[in-house]
Amino acid sequence: MPKRSVLPPRAAPKNDSAPQAWCAGSQAACQADFTHAAGRLNVSQPPFSKQIRDLEGELGIELFQRRRKGVALTPAGKAFLVDARRILEDCEASIKKAQRISRGEIGELSIGYMSALTHDFLGKA
């Protein structure tokens, strides 16, 4: 008999916005307030809150405790935030590295030669 997951089935994401949602969650954690965090990201508060709620639904956990005056990270939210920030930093570093490689600033340069062809051109040592 196959093993069953204890987590509820995950709905397919509507779009690939996980990094955006992680950024939103990170900003909300820093601000401890969805309205202020949304303002820092130049979005209105209702879509921002929905993005956080959708992320929580996709993960199957509550990242924030909602209070009358602001929000606070849950223990699961704190753990997720640490990893999400690291992943976002790694993504940013990967993009910068790929751009530098594309511009030829870093990477490998392979030079080959055939001694039979260079002997007459360079002469004897």
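Structural remarks
- In percent, rounded to a whole number, the relative contact order of region 18-102 is 28, using alpha-carbon pairs under 8 Å and six or more apart.
- Region 18-102 shape via C-alpha gyration tensor axes, a/c threshold 1.5: prolate
- As a proxy for reagent exposure, ranking Val71, Val82 by other Cβ atoms within 10 Å from fewest up yields Val82, Val71.
- Charge sum, other residues only, whose C-beta stays under 12 Å from Ile106's C-beta, Lys/Arg counted +1 and Asp/Glu -1: +2
Readers should treat all values here as calculations from the given coordinates under stated rules, not as data from a laboratory. Note that this is a predicted model, so its numbers are computed, not measured. Backbone-built Cβ (ideal geometry, glycine too); neighbour counts: all protein chains shown.
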